[in-house]
């Protein structure tokens, strides 16, 4: 199958029988351009390109994770991360909220999509191609309406019309307008015309559109029901213009998600959770949409393959939750500490570039991933064992580590324990008085690796995010290019989500029926969740042990599933499946469980050797459930201050 490659310089078009998209620089799009085949394909290529300015962008990623039950700020956090934690270290406002990333990116792409939709039929391009623009316009509006509330459908030339002239004013539509006038119709059009299989590797298909429409129905149903009495803006009654109820939309979400499960086309579940996320298996058939990158060409990667400054379109999200592991040292001499950096910075999936801007909460480690024995998802999410690789830096010989025991390349230098040791944290010698750890880690008798227990995870030393880690095949036996951004695709949505969307709708009252096909189950929330839980019990590789590990704990996983599934259990399963992938804030605001699950969290302090958990309280006020309209948008509007204040979401005016 042909692959779609994208560069930053503008529109691209297919050239002859080439299997890649060739570059044609273009700074502006016009109606006449969209009326050509090159214009249609060029516009569509920009739509795939724009995903890279959102997914993998580390500061936007922060807005999706920091401040939730999954993550807090790390030791080196700057204001971008501190304000998102809502613990009194600044306020989220029109200048500090990094949700400007999607405002600025999505509206540009929406206008391009409208151009393709409006003029592309004149080019003689099949509707199965042009309707990809319908998908992306709905995709962007769905992202915007969840984040900001109602947003403008008219960009200056009329509702959902392609605009060529700058405008100095803007009017926001209501949330129901955005869903019923754009998101639903555009996705329905995409479902009618998109093919079951992709025209190029990574392009959207009918099942992708069905999954997104199911998720949009689900989100809108929650918005209509509004169980937490959360305010919306622009203010409007929680009624559907078409007279439908929340129950109707929950049912539609269930039906569509079940359709995806029964008729998945080329998509399916990977056999193990490890297979979903291991870098050598990127772009597998569970991944339905991703923002692509490549290590094979700097041009098509649109970013350096050797160094990154941390800006879009680079994929640098994983840096944010990577701690400074290269400061770990071991000794050259038994009994005296001639320090050697025993874990070098490397471009392998467990490593990469440390930024220490974010970290997991202790509760996510201990409660969300409570079962680390049967459930493979903890091992398939975090880097918990850091092994010696000093030989890759040209350093020879053995070293001495904890208990002055010998370690060799490949041996564990630091392990984050899955459970508390017998005797609890006090059984670990954290004194650092004899067996000195450069990061304040502890010692257990007879072990050559330093250890940290789950209660000892801090803002400065914590398990890394293996699942998003860098993966390169061009390290050539060395450390590779650890200062480069990740050249892996950033996964946006997965086939597994169909099961959890249907389960969530069922919990909220949707009528269920047996879901047949490859993944046959009884269609209840219990049955749907257990498809994923059974898969989570199947191991083929153990990251912590760095070895093949063929074990089937699926029966134990199903036995542990509660008979009654509620929304909090669905959210816990979503966190186990998608931890750290940028889903969490949207999951919590959709279900209105953000404050219930995230108001307090535990973490140890931000100095080496801090192993006493602190309980931190966040202040999550109702207005924070919408992000502020970015200051750049307000500044561009040549209108009165009163009009700008009315445009801004309540709670942020005057900040």
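The set of residues in segment 446-485 that are within 22 Å of the chain's Cα centre (by Cα) and farther than 15 Å from residue 359 by Cα comprises 470, 471, 472, 482, 483, 484, 485.
The residue that is nearest to residue 533 (Cα to Cα), counting only those in segment 368-397 that are touching a helix residue (DSSP H, G or I) at 6+ places or on another chain (Cβ under 9 Å) and not in a loop (DSSP other than H, G, I, E, B), is 368. For segment 335-347, state whether one or more residues are under 23 Å from the mean Cα position of the chain (by Cα), crowded, with 23+ Cβ neighbours inside 10 Å and farther than 30 Å from residue 398 by Cα. No - not one qualifying residue is present in segment 335-347.
For segment 131-160, taking the residues that are touching a residue at least 12 places away in the same chain (Cβ under 8 Å) and surrounded by fewer than 16 Cβ atoms within 10 Å (Cβ to Cβ), the one that is nearest to residue 191 (Cα to Cα) is identified as 159. With the condition kept exactly as written, say whether any residue in segment 66-83 is more than 21 Å from residue 308 (Cβ to Cβ), out of contact with any helix residue (DSSP H, G or I) (no Cβ under 8 Å at 6 or more places or on another chain) and either modelled with pLDDT under 95 or buried (at least 23 other Cβ atoms within 10 Å of the Cβ) (or both). Yes, because at least one residue in segment 66-83 is more than 21 Å from residue 308 (Cβ to Cβ), out of contact with any helix residue (DSSP H, G or I) (no Cβ under 8 Å at 6 or more places or on another chain) and either modelled with pLDDT under 95 or buried (at least 23 other Cβ atoms within 10 Å of the Cβ) (or both).
If you go through segment 193-215 and keep only what is surrounded by fewer than 22 Cβ atoms within 10 Å (Cβ to Cβ) and within 20 Å of residue 115 (Cα to Cα), you end up with just 193. Taken over segment 398-427, the residue count meeting the criterion of being touching a residue at least 60 places away in the same chain (Cβ under 8 Å), in a loop (DSSP other than H, G, I, E, B) and touching a strand residue (DSSP E or B) at 6+ places or on another chain (Cβ under 8 Å) is 2.
What about residue 266, is it surrounded by fewer than 15 Cβ atoms within 10 Å (Cβ to Cβ), within 24 Å of the chain's Cα centre (by Cα) and not in a helix (DSSP H, G or I)? Break it down stepwise before answering.
On the way: surrounded by fewer than 15 Cβ atoms within 10 Å (Cβ to Cβ): yes; within 24 Å of the chain's Cα centre (by Cα): yes; not in a helix (DSSP H, G or I): yes.
The answer is yes for residue 266.
Within segment 15-28, the presence of a residue that is in a helix (DSSP H, G or I) and either at pLDDT 90 or above or surrounded by fewer than 17 Cβ atoms within 10 Å (Cβ to Cβ) (or both) is excluded. Do you know which of the residues in segment 587-607 that are touching a residue at least 60 places away in the same chain (Cβ under 8 Å) and surrounded by fewer than 17 Cβ atoms within 10 Å (Cβ to Cβ) is nearest to residue 253 (Cα to Cα)? Step by step, filter segment 587-607, then rank; the result is 605.
The values are calculated or read from the model by the stated rules, or taken from the named source; none is laboratory data. Being a predicted model, the structure only gives us computed values, none of them experimental. Because the Cβ atoms are built from the backbone with ideal geometry, glycine has one as well, and the counts that use them run over all protein chains shown.
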